[in-house]
(Lines give C-alpha, C1' and ligand atoms only; values in the text may rest on other atoms or scores of the structure.)
Protein backbone atom coordinates (compact mmCIF):
# COMPACT_ATOMS: atom_id res chain seq x y z
CA UNK A 1 0.00 0.00 0.00
CA UNK A 2 1.48 3.32 -1.08
CA UNK A 3 1.93 5.89 1.69
CA UNK A 4 -0.13 9.06 0.98
CA UNK A 5 2.58 11.20 2.62
CA UNK A 6 5.88 9.97 1.17
CA UNK A 7 4.75 7.47 -1.51
CA UNK A 8 6.79 4.64 0.02
CA UNK A 9 5.33 1.31 -1.09
CA UNK A 10 5.52 -0.63 2.17
CA UNK A 11 3.47 -0.27 5.34
CA UNK A 12 2.41 -2.42 8.26
CA UNK A 13 -1.12 -2.94 9.56
CA UNK A 14 -1.47 -1.55 13.08
CA UNK A 15 -5.19 -2.18 13.61
CA UNK A 16 -7.92 -3.94 11.66
CA UNK A 17 -11.67 -3.96 12.33
CA UNK A 18 -15.01 -4.38 10.51
CA UNK A 19 -16.66 -1.24 9.10
CA UNK A 20 -19.98 -0.37 7.43
CA UNK A 21 -21.87 -3.12 9.29
CA UNK A 22 -19.36 -5.76 8.21
CA UNK A 23 -19.37 -4.94 4.50
CA UNK A 24 -15.79 -3.67 4.61
CA UNK A 25 -12.61 -3.84 6.70
CA UNK A 26 -10.99 -0.71 8.11
CA UNK A 27 -7.22 -0.98 8.40
CA UNK A 28 -4.98 1.46 10.24
CA UNK A 29 -1.52 1.39 8.65
CA UNK A 30 1.89 2.81 9.45
CA UNK A 31 4.40 3.71 6.75
CA UNK A 32 7.70 1.86 7.19
CA UNK A 33 9.63 4.87 5.88
CA UNK A 34 8.14 8.06 7.37
CA UNK A 35 6.22 6.29 10.21
CA UNK A 36 3.05 8.33 9.61
CA UNK A 37 -0.29 6.55 9.97
CA UNK A 38 -3.16 6.36 7.49
CA UNK A 39 -6.41 4.45 7.08
CA UNK A 40 -7.48 2.15 4.25
CA UNK A 41 -10.76 0.35 3.61
CA UNK A 42 -11.01 -3.06 2.02
CA UNK A 43 -14.29 -4.00 0.34
CA UNK A 44 -15.35 -7.00 -1.66
CA UNK A 45 -15.50 -6.35 -5.37
CA UNK A 46 -19.05 -6.67 -6.64
CA UNK A 47 -20.07 -7.40 -10.17
CA UNK A 48 -22.20 -4.72 -11.80
CA UNK A 49 -25.93 -5.34 -11.93
CA UNK A 50 -27.73 -4.66 -15.19
CA UNK A 51 -31.37 -3.58 -15.10
CA UNK A 52 -33.62 -4.61 -17.97
CA UNK A 53 -36.10 -1.79 -18.46
CA UNK A 54 -39.72 -2.21 -19.64
CA UNK A 55 -38.71 -1.20 -23.18
CA UNK A 56 -36.02 -3.92 -23.24
CA UNK A 57 -33.06 -1.55 -22.91
CA UNK A 58 -30.35 -2.26 -20.36
CA UNK A 59 -28.54 0.04 -17.97
CA UNK A 60 -26.46 -0.44 -14.85
CA UNK A 61 -28.22 -0.50 -11.48
CA UNK A 62 -28.34 2.90 -9.84
CA UNK A 63 -29.27 2.94 -6.17
CA UNK A 64 -29.84 6.70 -6.52
CA UNK A 65 -32.84 6.06 -8.77
CA UNK A 66 -34.38 3.69 -6.23
CA UNK A 67 -33.72 6.24 -3.49
CA UNK A 68 -35.26 9.02 -5.60
CA UNK A 69 -38.45 7.01 -6.09
CA UNK A 70 -38.66 6.28 -2.39
CA UNK A 71 -38.12 9.91 -1.45
CA UNK A 72 -40.95 11.00 -3.76
CA UNK A 73 -43.27 8.29 -2.39
CA UNK A 74 -42.44 9.16 1.22
CA UNK A 75 -42.67 12.93 0.85
CA UNK A 76 -44.33 14.51 3.91
CA UNK A 77 -44.51 11.11 5.63
CA UNK A 78 -42.94 10.35 9.05
CA UNK A 79 -40.12 8.27 7.57
CA UNK A 80 -36.48 9.06 8.25
CA UNK A 81 -33.81 9.28 5.58
CA UNK A 82 -31.93 6.55 7.49
CA UNK A 83 -34.91 4.20 7.10
CA UNK A 84 -34.91 4.85 3.35
CA UNK A 85 -31.13 4.31 3.15
CA UNK A 86 -31.53 1.04 5.04
CA UNK A 87 -34.30 -0.08 2.68
CA UNK A 88 -32.23 0.70 -0.43
CA UNK A 89 -29.28 -1.16 1.12
CA UNK A 90 -31.46 -4.22 1.78
CA UNK A 91 -32.81 -4.17 -1.77
CA UNK A 92 -29.32 -3.81 -3.23
CA UNK A 93 -28.08 -6.69 -1.05
CA UNK A 94 -30.93 -8.96 -2.22
CA UNK A 95 -30.08 -8.13 -5.83
CA UNK A 96 -26.33 -8.68 -5.31
CA UNK A 97 -27.01 -12.07 -3.68
CA UNK A 98 -28.93 -13.33 -6.71
CA UNK A 99 -26.97 -15.35 -9.20
CA UNK A 100 -28.30 -13.32 -12.13
CA UNK A 101 -26.38 -10.18 -13.03
CA UNK A 102 -29.41 -8.96 -15.03
CA UNK A 103 -32.54 -7.97 -13.15
CA UNK A 104 -35.79 -6.65 -14.57
CA UNK A 105 -37.01 -3.28 -13.35
CA UNK A 106 -40.23 -5.01 -12.30
CA UNK A 107 -38.29 -7.21 -9.84
CA UNK A 108 -36.81 -4.09 -8.27
CA UNK A 109 -40.25 -2.48 -8.10
CA UNK A 110 -41.69 -5.55 -6.35
CA UNK A 111 -38.89 -5.49 -3.77
CA UNK A 112 -39.60 -1.80 -3.10
CA UNK A 113 -43.37 -2.37 -2.81
CA UNK A 114 -42.87 -5.32 -0.45
CA UNK A 115 -40.82 -3.19 1.94
CA UNK A 116 -42.90 -0.01 1.63
CA UNK A 117 -46.07 -1.93 2.48
CA UNK A 118 -44.54 -2.82 5.87
CA UNK A 119 -43.13 0.66 6.46
CA UNK A 120 -45.91 3.06 5.44
CA UNK A 121 -49.19 2.32 3.65
CA UNK A 122 -49.58 5.83 2.20
CA UNK A 123 -46.08 5.73 0.71
CA UNK A 124 -46.87 2.23 -0.58
CA UNK A 125 -49.99 3.45 -2.42
CA UNK A 126 -48.10 6.44 -3.84
CA UNK A 127 -45.30 4.24 -5.16
CA UNK A 128 -47.74 1.61 -6.45
CA UNK A 129 -49.78 4.21 -8.32
CA UNK A 130 -46.71 5.23 -10.34
CA UNK A 131 -45.03 1.82 -10.55
CA UNK A 132 -48.16 -0.09 -11.55
CA UNK A 133 -49.35 2.80 -13.76
CA UNK A 134 -52.86 3.14 -12.36
CA UNK A 135 -54.99 4.31 -15.27
CA UNK A 136 -58.14 5.31 -13.41
CA UNK A 137 -59.77 5.67 -10.00
CA UNK A 138 -61.12 2.10 -10.11
CA UNK A 139 -57.61 0.64 -10.28
CA UNK A 140 -56.57 2.91 -7.44
CA UNK A 141 -59.58 1.88 -5.34
CA UNK A 142 -58.96 -1.82 -6.02
CA UNK A 143 -55.43 -1.49 -4.63
CA UNK A 144 -56.72 0.39 -1.58
CA UNK A 145 -59.32 -2.33 -0.96
CA UNK A 146 -56.64 -5.05 -1.19
CA UNK A 147 -54.56 -3.16 1.32
CA UNK A 148 -57.56 -2.76 3.63
CA UNK A 149 -58.45 -6.48 3.41
CA UNK A 150 -54.93 -7.58 4.33
CA UNK A 151 -54.97 -5.59 7.58
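The values are calculated or read from the model by the stated rules, or taken from the named source; none is laboratory data. Given the structure is predicted, the values throughout are model-derived calculations rather than measurements. Here Cβ is always computed from backbone atoms with ideal geometry, including for glycine, and neighbour counts include all displayed protein chains.
Working only within segment 36-48, note down all residues that are at pLDDT 90 or above and either farther than 24 Å from residue 8 by Cβ or surrounded by 13 or more Cβ atoms within 10 Å (Cβ to Cβ) (or both).
We begin by selecting, within segment 36-48, every residue at pLDDT 90 or above; these are 36-42.
Result: 36, 37, 38, 40.
For the subset of segment 82-104 comprising residues that are buried (at least 17 other Cβ atoms within 10 Å of the Cβ) and in contact with a strand residue (DSSP E or B) (Cβ under 7 Å, 6 or more places away or on another chain), which member is nearest to residue 53 (Cα to Cα)?
Checking each candidate, the answer is 103.
Go through (1) farther than 30 Å from residue 23 by Cβ; (2) surrounded by 15 or more Cβ atoms within 10 Å (Cβ to Cβ) and name the single condition residue 61 misses.
(1)
Scan segment 60-83 for residues that are in a helix (DSSP H, G or I) and under 12 Å from residue 127 (Cβ atoms) and jot them down. Full working, then the answer.
Here is the first cut: in segment 60-83, the residues in a helix (DSSP H, G or I) are 63-73, 81-83.
The answer is 66, 68, 69, 70, 71, 72, 73.
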